[in-house]
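The values are calculated or read from the model by the stated rules, or taken from the named source; none is laboratory data. Note that the coordinates shown come from a computational prediction; the quantities given were computed from them, not determined experimentally. FYI the Cβ positions are ideal-geometry reconstructions off the backbone, even for glycines, and counts take in every protein chain you see. What goes into the accessible areas is simple: the full protein's heavy atoms, side chains included, and nothing from ligands, DNA or RNA. Shrake-Rupley method; radii C 1.70, N 1.55, O 1.52, S 1.80 Å.
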Amino acid sequence: MATRLTVNGKTLETDLPEDVPLLWVLRDEFNMTGTKFGCGVSACGACTVHIDGESQRSCQVRLGDIWGEVTTIEGLGTPDNMAVLQQAWVDHQVAQCGWCQSGQIMQAASLLQQNPKPTDQDIDDAMQGNLCRCGTYPRIRAAIHDAASKIGG
Amino acid sequence: MANFKKIARRTFLIGSAAIVGGAAFGAWYVSRPAENPLKSPEGGAAFNPFVMIDQNGVTLIAKHVEMGQGSRTTLAALIAEELDVRLEDVKVLQGQPAQAYYNSALLGEVLPGKGYDRGDFAHALGETLGVLGKVLNMQVTGGSSAMKDGFTEMRLAGASAREALKDAASARLGVAKADLKTENGQVIAPDGTALAYTELAAEAGQMDLSEPELRPASEWKYIGKNMPRVDMAAKATGTAEYGMDVRPEGLKFAALRANPRRSGMTSFDAAAALTMPGVEGVYGLGDAIAVVANNTWIAMQAAEAVDITWGAANYPNKTDQIFARIEQGFDTEANSTMRDDGDAGTGAPEGSTPVEASYKVPYLAHAAMEPLNTTALYTGDHLEIWSGNQGPMLHRQHAATEVGLAEENVTLHTPYLGGGFGRRGDFDYTVYAARLAKLMPDTPVMLTWSREEDMRHDFYRPGALARMKGAVQDGRAVLLDGQVSAQSTTVQIMKRWMDFEAGGPDKGHVDALFNAPYAIENHRVRGYHADVDVPVGAWRSVAASFNAFFQDSFMDEMAHAAGVDPLEFRLQHMREEFPEGAACLEKVRDMSGWTGETPEGVGRGVGFAYSFGTPVAQVVEVVQQDSGIHVKKVWIACDMGTALDPSIVKAQMSGGMVYGLSAAIYEEITFSGGEVEQFNFPDFDATRMHTMPEVEVAILEGQKHLGGAGEPGTPPIAPALANALYDLTGTRARELPLNKTFDFKY
């Protein structure tokens, strides 16, 4: 039976079984590869997307349980039309290998929606589930502060 | 191939006569220019293996793979510097497997001598030796060698193309070449006429290439500046294509399950897996199975449902037994005595105070963020592969052998790597995919490893033991007799990569120990090869990752025994021996305001290592918090000669340090029943946002020669941290990871 879901404002359909995690529906069924697989057990945050605007680990949300509209890194902005947060990532030259950065950005976007002026402690609390083996954390922190100041005007 | 092996054997034996003989022997072969792998485009030209221009624009080729270290940006900047184009106006592509992209710097590391004391003669010899990389198919990104390798070659590539474009403009305009200048992708005549490279390319491609002069450093526009990374926008928008993101038409998804005891497979029963919806096939791959499905997750679930009988491990079943074998290594004849100054054999000199300590470090996984994966399409007479890798020619060669095709019938694409750290030099994951593709011809298949498969089937950083004997007298070290026992990564890698039995003294095994730049009157370093067959490989900074912990923890112990400030103690032994290294120590001393005193609840330690041509000093400050010990700040000073891109160098230094910090605090691979006991990040954690220290990096440019950036930041942090924890608590930890001894903030 086909399951319908809304991703980045578009309605998409899949015949995959309902227990397949959203991560693998996005990647292998819809070819939306911006959302990354890192651990499969909610321990690294590379697969972070938004459901109804809140950050979720897409490796833990089963297709049959998706309760709202999904937003992925592709829905946040594009190379020609970047979100403020993504532009801050470029301005601060955050990424190294880059595999974790989609998840980092989606997690940070969710933080800024809930808390437009996060402190360092707020950033620690919100971002500690997102692993980066290249150690880009100081630049992630700077980019979040920068984006917060720009969004706040 | 026999001759190449002979060269390699001579080369890897450490001794100047053998080295010179080896280089001379190979000279006739390696002096032939490599064929340009680029075909000239319609209406344009491929000037050399690195510059291609047609009507659509300028394309530069990066010979080293991009795994986060920024080499694609810096290699392109080196070409652009001489070609006079802006990075934002050009396309930068990854080079295909080709001899033209061989790594000439990597083999320079096997030269005799300590490295830091190399004069011009030895560097020239290093370059001669480096060309053997071509013979050995070493198109490898590793050993912190990308910039040493590309610095001159890339600028020459840009300059020779520029001169050809000026020749073409001169002919077309009838203006003397000397009166033409180049700027932003155009040749400009004295009257202001501007001809775009894109419209000159076809004519310029007909011009004879000359070897141009390179611009002096005073005229550099890009080198030494912070260049915007060419991969950044794509990585911030989820549009960068990594290995796991390729989607050839008709792609099937597969999951791997391999023997956790790293030997063969007796049998497997796929009946249950084959009944699962979405599963399309289960294939035996020798010591592994692959499940093919319409979705990776379904394939992974089904792989767990296959009933498999595995062979037993070829190494002891338990960690303790493995380390007992490493300990036995000390009872064998030393593989190397790479340093033997004075008379260390007679022990502590009369009147001195002896200091002795033993150290232990665990096996480690690489745990790159992108789990291993490769996509392959086999069509009978051709194999196409997409694999994020650190050695395109090696990967292609072994995939070709696997399916029984000639290398020219194998196309290998190298998308972005979601981290490498040395793991993606090995090609097992590429070979598995090739094996699977041959079993299902004409269908592209992506073979993805779960995080658990990745962590449990690594080529690990070897566990290692050290026995250090020293003595101090009148505030100075008068004896340092170091011994290290571990499995040899050199031996395993040479065997796996080139089917070559490496013999002779193994310099890499004692790196950062024998060449620790401390002048000590009686100074001996011996390396022992432990007879254990746990799969091991190159882990960021290789043996320097453990030897620096041994060396610089012990320097601290000797300093305390001598009653001298640990940072000053190092300086006393380094100032004359290696002034550039001492300058790094002085720099972190000044940056951190080091006084040798710390308030209650605060500890500071210093660590130093010379590896891959670059001295790095680090001071770390730890604070006792209610929630545990927090690593508050790390100051880093490094000297790789010329910092081609300071922001990228700083990112590498900081990132290398964090990689070592994570390992020093949290990480350990252990064995039970012959299987690795760690499965996923919860068992093998790393530094995270809330545990990340502040970092300050200073770049010195005192060395005459280029050093590496990707690895040298890793080794000093473990000893610096252990030394800081000693300062904080009075407890000396001689074993990693440090969370076995201390409670850290979590």
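Give me the extension gain from residue B:34 to residue B:332: residue separation times 0.36 nm, minus the current Cα-Cα distance, reported in nm with one decimal. Before the final figure, lay out each step's value.
On the way: separation 298, 0.36 × 298 = 107.28 nm, distance 4.41 nm.
Between residue B:34 and residue B:332, full extension yields 102.9 nm more.
On a 30 Å Cα-Cα criterion, which of the cross-link pairs B:177/B:221; B:632/B:740; B:63/B:587; A:10/B:252; B:177/B:235 come out too long?
Values: B:177/B:221 22 Å; B:632/B:740 20 Å; B:63/B:587 34 Å; A:10/B:252 25 Å; B:177/B:235 42 Å.
Over 30 Å apart, Cα to Cα: B:63/B:587; B:177/B:235.
Averaged over A:101-108, how many beta carbons belonging to a partner chain fall within 10 Å of each residue's beta carbon? Working shown, then result.
Numbers: counts 7, 6, 2, 2, 4, 1, 1, 0.
Taking the mean over all residues of the peptide, I get 3.
Highest first, please rank the peptides B:691-703, B:344-356 by the mean number of other Cβ atoms sitting within 10 Å of their residues.
Numbers: B:691-703: 18.8, B:344-356: 14.7.
Highest-to-lowest ranking by the protection proxy: B:691-703, B:344-356.
Over the whole of A:41-48, what's the average partner chain Cβ count within 10 Å per residue? Rounded to a whole number, please. Write down the numbers at each step before the final one.
Numbers: counts 7, 2, 7, 8, 2, 4, 0, 0.
What the average comes to for A:41-48 is 4.
Using the Cα centre of chain B as origin and beta-carbon charges of +1 (Lys, Arg) and -1 (Asp, Glu), tell me which of B:392, B:718, B:358 is placed farthest towards the positive end of the dipole.
The one lying farthest along the dipole's positive direction is B:392.
With a cap of 10 neighbouring Cβ atoms within 10 Å, and only residues DSSP puts in a loop, list the GluC sites (Glu not before Pro) found in region B:524-581.
Within region B:524-581, the qualifying GluC sites (Glu not before Pro) (loop, at most 10 other Cβ atoms within 10 Å) are B:576.
Taking just the alpha carbons, could you work out the radius of gyration and Dmax for region A:78-151, both in angstroms?
Reported Rg and Dmax, both Å: 11.1, 33.
Just how far, in whole angstrom, is region B:208-231 from region B:672-689 if you go by their alpha carbon centroids?
Each part's Cα centre sits 44 Å from the other's.
Based solely on its DSSP helices, what 222 nm [θ] is calculated for chain B when runs of n ≥ 4 H residues each add -39,500 (n - 2.57) and the sum is averaged over all residues, nearest 500 deg cm²/dmol? Don't skip to the end; give the middle numbers.
Values: 20 runs with 234 residues, N = 746.
Calculated from helices alone, the mean residue ellipticity at 222 nm is -9500 deg cm²/dmol.
Determine, from the Cβ-Cβ distance of residue B:183 and residue B:495 and an R0 of 45 Å, the FRET efficiency 1/(1 + (r/R0)^6), rounded to the nearest 0.05.
The value I calculate is 0.30.
Only four residue types carry charge here, +1 at the Cβ of Lys and Arg and -1 at the Cβ of Asp and Glu. Report the dipole size of region A:78-151 about the Cα centre in Debye, rounded to the nearest 20.
Values: 5 positive and 7 negative charges, 21 e Å.
Its charge dipole is roughly 100 debye.
If R0 is 25 Å, what FRET efficiency do you get for residue B:239 and residue B:88 from their C-beta distance, rounded to 0.05?
Details: r = 17 Å, r/R0 = 0.66.
About 0.90, to the nearest 0.05.
Test of understanding: what is the full-extension gain from residue B:595 to residue B:266, defined as 0.36 nm times their sequence separation minus their Cα-Cα distance?
Values: separation 329, 0.36 × 329 = 118.44 nm, distance 6.31 nm.
Fully extending the segment from residue B:595 to residue B:266 adds 112.1 nm.
If you add up the charges near residue B:471, with Lys and Arg at +1 and Asp and Glu at -1, over every other residue whose beta carbon is less than 13 angstrom from its beta carbon, what do you get?
-4
Please list B:507, B:225 from largest to smallest accessible area, probe radius 1.4 Å, with all protein chains kept in place.
So the residues, ranked largest to smallest area, are B:225, B:507.
In whole Å, how far is the Cα centre of region B:450-465 from that of region B:70-90?
After rounding, the separation between the Cα centres reads 36 Å.
Roughly how compact is chain B, stated as its Cα Rg over 2.2 N^0.38 Å to two decimals? Could you put the intermediate results ahead of the total?
On the way: Rg = 26.6 Å, N = 746, 2.2 N^0.38 = 27.2 Å.
It is 0.98.
Per residue of B:415-427, what is the mean number of Cβ atoms on other protein chains within 10 angstrom of that residue's Cβ? Can you show the working numbers first?
On the way: counts 0, 3, 3, 10, 8, 1, 3, 0, 0, 0, 0, 0, 0.
For peptide B:415-427, the averaged partner shielding equals 2.
Arranged from highest to lowest average of other beta-carbon atoms within 10 Å per residue, in what order do the peptides B:240-248, B:148-156 appear?
Details: B:240-248: 20.6, B:148-156: 22.4.
With the highest mean Cβ count within 10 Å placed first, the list reads B:148-156, B:240-248.
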